[in-house]
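For reference, the structure is listed below as structure tokens.
The values are calculated or read from the model by the stated rules, or taken from the named source; none is laboratory data. Treat the numbers as computed from the prediction; the structure is a model and nothing was measured. Methodologically, a virtual Cβ is constructed for each residue, glycine included, from the backbone with ideal geometry; neighbour enumeration extends over all protein chains shown.
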Amino acid sequence: MKIVGFTIIKNAVLMDYPVVEAIQSVLPVVDEMLVLVGDSIDNTEELIRSIASPKIRVEHSVWNPHLRSGGEVLAEETNKAFQLIDPSADWAFYIQADEVIHEKGHASILEACRKYQHNDRVEVLVFPYTHFYASFDYVGDSRRWYSMEGRIIKNDKSIESFRDAQGFRRNGKRLNGVLLKDAPLHHYGWVKTPEQMAVKFREAGRYWQTDEQLEQQELADLFDFLGDYDSVARFTGTHPAVMKDRVATKNWQVQLDTGRKKFGLKDQLLYWLEKQTGIRPFEFRNFNLIRP
């Protein structure tokens with residue numbers, strides 16, 4: 001069995017992505033790690049090459065400046081990277097630059113890859129998500145944050161990244177998959193200082209909006225973490241071991257109100273239902289969970 005990891009990255013230093021930690025978190029379970037480095041204006045490639053692993057393979061790409069709608073350039077780059085994976089691989093493990101796999105899930109990941117390697121019904125392995133907000137101490141716990149997504153796919157080149165690269169589909173149709181409930185994935189894309197988050201919004205906005213739209217939009221020097229969230233909870237678990245240094249050195253102090261629930265009536269009811277039952281009805285998904 002062969003598993004190849006892959007990711008895309010551009011301007012990792014400027015955007016303060018934890019891409020090194022993301023890559024390190026999947027290295028123990030992959031045979032090769034393909035990193036498609038975009039045309040960056042910082043030292044992104046040097047950062048990637050600083051990871052001391054013979055598994056890493058760096059390739060280069062130029063992002064299409066004309067793809068300015070809905071983050072579609074992210075899907076295009078993801079598809080480019082996926083196509084570079086050798087056909088001899090059985091599985092392709094996609095990780096985004098702000099996602100980190102907890103090491104306690106490594107064994108179950110390898111077990112599932114072996115178990116479903118020759119099962120044609122299983123096309124994707126799905127991870128449960130924890131979305132951190134503002135600091136490493138809080139998580140978003142509302143329906144605003146997707147609860148799971150597919151990250152390990154069969155090495156079938158008819159599968160494509162969907163929309164803004166959140167997930168994968170085939171010819172626009174959902175993939176069939178199983179949930180790796182014991183392999184938590186931590187999303188750290190919203191853990192930045194207000195200054196860093198403002199930079200991210202300005203830079204990432206180029207992938208969703210035209211120059212004219214960006215000029216019309218007033219972008220503040222600081223991001224308003226206190227005004228933006230609808231519901232958060234205190235994080236009571238453990239961070240992946242590869243995040244130890246970043247958590248120790250990057251955390252800034254912010255106090256959020258975990259009792260605040262900024263919902264309309266419908267979302268209040270759905271939030272209550274999920275907390276009581278663990279069920280999240282009507283959630284958008286790129287996959288169908290099956291029992292193979």
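Computed quantities for the displayed model
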| item | result |
| --- | --- |
| Pick from region 27-66, criterion in contact with a His (Cβ under 9 Å, 6 or more places away or on another chain) and hydrophobic (A, V, I, L, M, F, W, C), ranking: farthest from Phe127 (Cα to Cα) | Val37 |
| Selection within region 142-196 - among the hydrophobic types (A, V, I, L, M, F, W, C) and more than 19 Å from Val100 (Cα to Cα) | Ile159, Phe162, Leu175, Val178 |
| Tally, over region 54-75, of residues that are without any contact (Cβ under 8 Å) to a residue 60 or more places away in the chain and either outside any loop (DSSP other than H, G, I, E, B) or of a type in the set (A, V, I, L, M, F, W, C) (or both) | 7 |
| Every pair of residues 6+ apart whose Cβ atoms lie under 7 Å, when the first sits in region 235-261 and is of a type in the set (Ser, Thr, Tyr) while the second is at pLDDT 95 or above | Thr258/Val232; Thr258/Ala233; Thr258/Arg234 |
| Residue, nearest to Ala97 (Cα to Cα), within region 118-138, restricted to residues that are crowded, with 22+ Cβ neighbours inside 10 Å and β-branched (Val, Ile, Thr) | Val126 |
| Residues (of a type in the set (Asp, Glu) and either touching a residue at least 60 places away in the same chain (Cβ under 8 Å) or more than 18 Å from Asn79 (Cα to Cα) (or both)) located in region 1-34 | Asp16, Glu21, Asp31 |
| Residue in region 96-109 that is within 13 Å of the chain's Cα centre (by Cα), buried (at least 20 other Cβ atoms within 10 Å of the Cβ), closer than 30 Å to Gln268 by Cβ and at pLDDT 95 or above present | yes |
| Members of region 232-256 found to be touching a Ser or Thr at 6+ places or on another chain (Cβ under 7 Å) and at pLDDT 95 or above, listed by number | Val232, Ala233, Arg234, Pro240, Val242 |
| Residue in region 176-184 that is under 26 Å from Gly38 (Cα atoms) and either surrounded by 15 or more Cβ atoms within 10 Å (Cβ to Cβ) or at pLDDT below 95 (or both) present | no |
| Selection count where residues are surrounded by 15 or more Cβ atoms within 10 Å (Cβ to Cβ) and not in a loop (DSSP other than H, G, I, E, B), scope region 237-292 | 10 |
| Members of region 145-163 that are in a loop (DSSP other than H, G, I, E, B) and modelled with pLDDT of 95 or more | Trp145, Tyr146, Ser147, Asn155, Asp156, Lys157, Ser158 |
| All positions within region 118-140 that are part of a strand (DSSP E or B), hydrophobic (A, V, I, L, M, F, W, C), touching a Phe, Trp or Tyr at 6+ places or on another chain (Cβ under 8 Å) and within 29 Å of Lys244 (Cα to Cα) | Leu125, Val126, Phe132, Val139 |
| Qualifying residue in region 52-73 (condition: under 16 Å from the mean Cα position of the chain (by Cα) and among the β-branched types (Val, Ile, Thr)) | yes |
| Number of the condition not met by His186 [criteria: (1) over 16 Å from the mean Cα position of the chain (by Cα); (2) closer than 27 Å to Trp63 by Cα; (3) part of a strand (DSSP E or B)] | (1) |
| Residue that is surrounded by the fewest Cβ atoms within 10 Å (Cβ to Cβ) [pool: residues in region 185-203 that are touching a residue at least 60 places away in the same chain (Cβ under 8 Å) and either more than 23 Å from Tyr138 (Cα to Cα) or among the hydroxyl-bearing types (Ser, Thr, Tyr) (or both)] | Glu203 |
